[in-house]
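The values are calculated or read from the model by the stated rules, or taken from the named source; none is laboratory data. What you see is a predicted model, and the numbers here were worked out from it, not measured in a lab. Cβ: placed from backbone, ideal geometry, glycine included. Neighbour counts: every protein chain shown.
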């Protein structure tokens, strides 16, 4: 059977100093043990007349032994590797491959890579990564102390779509000191930076690799690095296993074979590893069957662990860990890179949770995300896709700063399933959403057929209590139309206390994965110009956090600016109404009630003072917003159109909202849950603004259209409030019985429009 993998070569391997830093080759092993390597332009690296290596360099080849040999007599026929055309962007609900690879695949790959070879450390690109989209940044993976370099195997396909992935392999018999590994990684980074100085370089350091990543970042403060540390070994000196390490080194060679098994139990959770790839929608019995099967499949491969860590290698790696930890910790203050620390709460090898907090306090630009149910081998256990974490923390970018439009990656199918099955799964089940839309002829139909597929489309509607309707709306567009709806959200979700209240990967991260945008005129401008579907709530948090007796009442500002902006891009406005908040919860304590309670009212006032408000950027001939943390009474949306002789020069954001909508005090309302009813959505007849540039200059007509949109939203709400009384499956009890007798509960019928 053929064994194929791809490698990215750098001149740091001393193969040929004339090779370009981004020279890529493909290595293929056929029936024999030897490996033939071909460049993208057809040059053989194995030897012969067309060899890319000189005689002396062949002696210190970067591939040999079990990894494949570079011999002077290649057995495979030479062939060209065609450069595949990469796409400009990803499709919505693309296949990220998460769950198709497991720890079993890791052990199989490790067994092939660790065969005795005696070569130096080297970079390689896993074949699973495929070809990335255009202008993808480089991601370098620095492995844990086992050194195999396949620790991202569960994430190869997803990362390979949006990164140029290269992994570092440190052979079992290699004894390169830590400073040598730092120099190797540093030289690669500098070459990548020289070839694309405007693009960031990503370093993913797992355990020991975390020390290596920090060391490289400290030595290169001027290079734009995004460092992702996974349970970094900078806390090695405080490991609970420290007293046992001298014993491990003293164990007799014949007994050493048991040590890797014991370490594997300490480092990771076998059950979490075996859970990877098990479909969450399966019944408990089916899940148990697959789990036991996965565990049984792993058992025959466990001897590979002993081959990864023979006694001499383990002794060396423990010394290497000690020096790496000391080296990295002594240079933390020099790290200027953007750092994301992923820490497991159940790490039995290192105090990763405490270490993450220490690094956050020590580094100038660092955030952390905790995973409460995972062990030390986080990347090999059932958790979240690493790419999902990168997206949710806004770390994916192509330039100096993250852009919510150009750097946005649509959700994959695995993210869609996890987000709507696990994150908001109960709400999805309890709400049993029923959606209706209005066709061009005014006929109301069930489903979203009346909403245009081609953008730009501006969905303008009512914000239910606590924004309960959001998840079901976004899910319906993804499921029925494969359309990503970009929602305009409060900046607290991105930079405020809602973002920093918990270090776990939570709801505020998921809204970013699902396309949320901070409320800002420039992002609204960009989404419409890119022909997206945009979700806008003119009433904002004033509607979502309304007071008692204000359900289904609109609190919109007086300015018709979103109408004028939509007209500028020829967008289609779709007004919509939604009801159901009073069927899931009863509002018992609102803002006025909280203000009457001592101590609590002071806490709320303090939170408001420390909150985020949007301040005008007037005086600048550009699109922009500035956020200040002193008062969160904000203008939800207002855009100044600066024109000369009818020609638009620029858009300016202004904070001039007045009245009720300006009273946007953030608080947590007190609610009593009810036996869930149902959420209903009605999207009104689309209002096309293509060719209506006159609205840019005629404020009276814009105001009239604005009031028409508002009126249609109110009519949609009134229609749903009346028609829901005719729904025989309005209650979750009736829908559950229907699901048990006929099909799933979420397919229960509703009223006829």
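Here are a few things to note about the model shown:
- All of 538, 560 fail the test of being in contact with a helix residue (DSSP H, G or I) (Cβ under 6 Å, 6 or more places away or on another chain), touching a residue at least 60 places away in the same chain (Cβ under 8 Å) and buried (at least 18 other Cβ atoms within 10 Å of the Cβ), apart from 560.
- For residue 418, the conditions (1) assigned to a helix (DSSP H, G or I); (2) touching a helix residue (DSSP H, G or I) at 6+ places or on another chain (Cβ under 7 Å); (3) not assigned by TED's automatic domain parsing to the domain that holds residue 139 all hold with the exception of (2).
- Residue check: residue 706 meets all listed conditions (1) at pLDDT 90 or above; (2) in a loop (DSSP other than H, G, I, E, B); (3) in contact with a helix residue (DSSP H, G or I) (Cβ under 6 Å, 6 or more places away or on another chain) but one, namely (2).
- Looking across segment 571-616, just one residue is at pLDDT 95 or above and on the phi > 0 side of the Ramachandran plot, and that is 580.
- Per the conditions (1) in contact with a helix residue (DSSP H, G or I) (Cβ under 9 Å, 6 or more places away or on another chain); (2) surrounded by 24 or more Cβ atoms within 10 Å (Cβ to Cβ), the sole criterion not satisfied by residue 550 is (2).
- Of all residues in segment 729-753 being touching a helix residue (DSSP H, G or I) at 6+ places or on another chain (Cβ under 8 Å) and farther than 27 Å from residue 575 by Cα, the one that is modelled with the lowest pLDDT: 745
- Criterion (over 35 Å from the mean Cα position of the chain (by Cα), farther than 30 Å from residue 538 by Cβ and assigned by TED's automatic domain parsing to the domain that holds residue 581) met by exactly one of 719, 738: 738
- Those helices (runs of 4 or more DSSP H) lying entirely in segment 297-362 with at least 3 residues modelled with pLDDT of 90 or more, under 31 Å from the mean Cα position of the chain (by Cα) and within 29 Å of residue 390 (Cα to Cα): 311-329, 352-362
- Segments classed as strands (runs of 3 or more DSSP E), wholly inside segment 427-520, with at least 3 members that are touching a residue at least 60 places away in the same chain (Cβ under 8 Å), under 17 Å from the mean Cα position of the chain (by Cα) and crowded, with 19+ Cβ neighbours inside 10 Å: none
- Checking each residue in segment 729-747 for being within 19 Å of residue 584 (Cβ to Cβ) and assigned to a loop (DSSP other than H, G, I, E, B) picks out 729, 730, 731.
- Test for residue 343: is it in contact (Cβ under 8 Å) with a residue 60 or more places away in the chain, touching a helix residue (DSSP H, G or I) at 6+ places or on another chain (Cβ under 6 Å), closer than 22 Å to residue 200 by Cα and assigned by TED's automatic domain parsing to the domain that holds residue 242: no
- Filter result (surrounded by fewer than 22 Cβ atoms within 10 Å (Cβ to Cβ) and in a loop (DSSP other than H, G, I, E, B)) within segment 678-688: 685, 686
- The criterion of at least 1 residues that are at pLDDT below 95 is met by the following helices (runs of 4 or more DSSP H) wholly inside segment 187-269: 245-250, 259-267.
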